[in-house]
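Peer 1: First the structure, then my questions, so here it is.
The values are calculated or read from the model by the stated rules, or taken from the named source; none is laboratory data. These numbers come from a predicted model, not from an experiment. Reconstructed Cβ throughout: ideal geometry from the backbone, glycine too, with neighbour counts over all protein chains shown. These accessible areas exclude ligands, DNA and RNA; they are computed on the full protein's heavy atoms, side chains included. Shrake-Rupley method; radii C 1.70, N 1.55, O 1.52, S 1.80 Å.
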Amino acid sequence: MVNAILMQLRDTAVIMGVIALVGLLLQKKSAVDVFSGTVKTIIGFLIFNIGSDAMSAQITIFSDMFSRAFQVSGVVTQVEVATALALNTYGTEVALVMVLGFIMNLVFAKITPFKAVFLTGQHFLYFACVLALVFIALGAPMFVTVILGGVVLGFCGAALPSLCQPFVNKLTGTDNIAIGHFNCIGYAFSGYVGKLFAKKNESEKEEKQLPEFFKLFKDFVFSVALFMVVLFYIVTLACFFTGHFGDQLANGKAFTSYFGNDIWWIWPFLAGLKFAAGMSVLVYGVRQFIAEITAAFVGISEKLIPDAKPAVDCPAIFPFAPNAVIIGFIGSFLGGLVAMALMVAFHSETIMIPAAGICFFSGGTCGVCGYAYGGWRGALLGSFLVGIVLCAGPLVLYPAFANLGIAGASFPNVDYNIVGSIIYGIGSIFA
């Protein structure tokens, strides 16, 4: 009986619920609010698991087909899938790193000049996964993983948003908010690239109108669905022309049942849409359980750190340069394709594939920061260069993560890979 209870307490959904429960109790919320917030957190995480399972199933099929068709290991730079894989195996470590990271973020915002309180909870979750995996890969015991991971996470949450603050202030005209999205190093780099075109942009104050088709990509689900449909058609046709199909292709999944009849070509279309549908469910679940956990810390930070600056999700600055978002998305995607082509040209054992989600959110924000001083030129070049890093950067840590069973997907954002690689490099010296 005791063992059964302990096993349930190791369940990540239960841990997330306990985190929300403690935070709400500390705020002296009513019994109804405490109960509601705790239950919503657990339900949100269960919804997240449903979406992650659906996405993982499609990614497994895609990776198998990609490997057979091109004789390389294809890895999608899809942070949600990588996070789901990490939580399935190391959920306890990740959850504890995340909650300590929230606490340390408040501590660092209180005692240091870095005043950002990071409110984009899903990115805290993603970075918590990266840091936990890095320390686990180094062989660190659990208490070291949790303590060091939480301290690093809290410091990054407070400090990294300051890197791109000059460009946020330029866009918004105020100093009231910061970007709470762990690609801050990439955003700052894109912003400084944009400054190279500052003089040329002085006479180009108005945004250029984009073709109507590109405005479709403002819909995140549409961009993901379209991108994954294209990818599935590419690997399906590649399997056809290389003869790599049969009873065991894609783990015996739907491809073989469609192949050879009049409607086999429908399968890639449906496979891409299933992936997008799974992501929609996953994102809904993440937003629900993260919203409750974040709310538990907002009131505390307001009482303890009155001069704190809220670091919010990157779409908060999209309205200040909406066309730059689309330019950034396109530039980032092109950069990812260049990085992928270079991997193929240099015969890399692992090929990173740019994902629509990361290109839209991180690439789009790079476009906005590059646009702040450099107009459309800064938006395009800045996002293009960062797009190369978004796709190629995960190659550094991927072998270590793959050895832990986190394979087929990666953590693409620049902050994850720079901070994670530094820690892994230093740790490897002493391991």
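Peer 1: Mind listing the long-range amide H neighbours of residue 178? Cut-off is under 5 Å, sequence gap 5 or more, other chains count too, H placed in the peptide plane at 1.01 Å from N.
Peer 2: Residues meeting the criterion, in which the H sits 1.01 Å from N, are 311, 312.
Peer 1: What is the spin-label model distance, in nm, from residue 320 to residue 430 if the labels are put 7 Å beyond Cα along the C-beta direction?
Peer 2: Going from the residue 320 label point to the residue 430 one covers 3.9 nm.
Peer 1: I've got another one for you. Apply the Karplus parameterisation 6.51 cos²θ - 1.76 cosθ + 1.60, with θ equal to phi minus 60°, to every residue of the stretch 224-238 and state each ³J(HN,Hα) to the nearest whole Hz, in sequence, with x for glycine and proline.
Peer 2: 5, 4, 4, 5, 6, 4, 4, 4, 5, 5, 4, 6, 5, 5, 5
Peer 1: When you count, for each residue, the other Cβ atoms within 10 Å and take the mean per peptide, how do 125-135, 419-429 rank with the highest first?
Peer 2: 125-135, 419-429
Peer 1: Could you sort 340, 279 by accessible area so the largest value comes first, with the probe set to 1.4 Å?
Peer 2: Values: 340 45, 279 5 Å².
Of 340, 279, the descending order of accessible area is 340, 279.
Peer 1: Now a separate question. Tabulate in residue order the Karplus-calculated ³J(HN,Hα) for the stretch 336-342, using 6.51 cos²θ - 1.76 cosθ + 1.60 with θ = phi - 60°, rounded to whole Hz; enter x for Gly and Pro.
Peer 2: So the J values, rounded to whole Hz, are x, 5, 5, 4, 5, 5, 5.
Peer 1: Report the calculated FRET efficiency for residue 242 and residue 28 (r = Cβ-Cβ distance, R0 = 51 Å), to the nearest 0.05.
Peer 2: After rounding, the FRET efficiency stands at 0.20.
Peer 1: Further question on the same structure: Exceeding 27 Å between C-alpha atoms, which entries from my cross-link table qualify? They are 195/309; 29/309; 40/110; 110/195; 28/309; 40/274.
Peer 2: 40/110; 110/195
Peer 1: Per-residue HN-Hα couplings for the stretch 308-314, Karplus 6.51 cos²θ - 1.76 cosθ + 1.60 at θ = phi - 60°, whole Hz, x for Gly and Pro?
Peer 2: Karplus-based 3J(HN,Hα) across the stretch 308-314 equals 5, 10, x, 9, 10, 4, 4 Hz.
Peer 1: Right, next: If ligands, DNA and RNA are left out, what is the accessible area of residue 29 with a 1.4 Å probe, given in Å² to the nearest 10?
Peer 2: Spelled out: residue 29, probe radius 1.4 Å, area about 90 Å².
Peer 1: In nm, to one decimal, how far is the residue 196 label point from the residue 40 one, both placed 7 Å along Cα→Cβ?
Peer 2: If labels sit at residue 196 and residue 40, their model points lie 4.6 nm apart.
Peer 1: Okay, moving on. Assuming 0.36 nm per residue, please report the length gained on full extension of the stretch residue 110 to residue 57 beyond their Cα-Cα distance.
Peer 2: 14.7 nm
Peer 1: Further question: Residue separation times 0.36 nm, minus the C-alpha to C-alpha distance between residue 176 and residue 348: what's the value?
Peer 2: Taking 0.36 nm per residue and subtracting the Cα distance, the gain is 57.5 nm.
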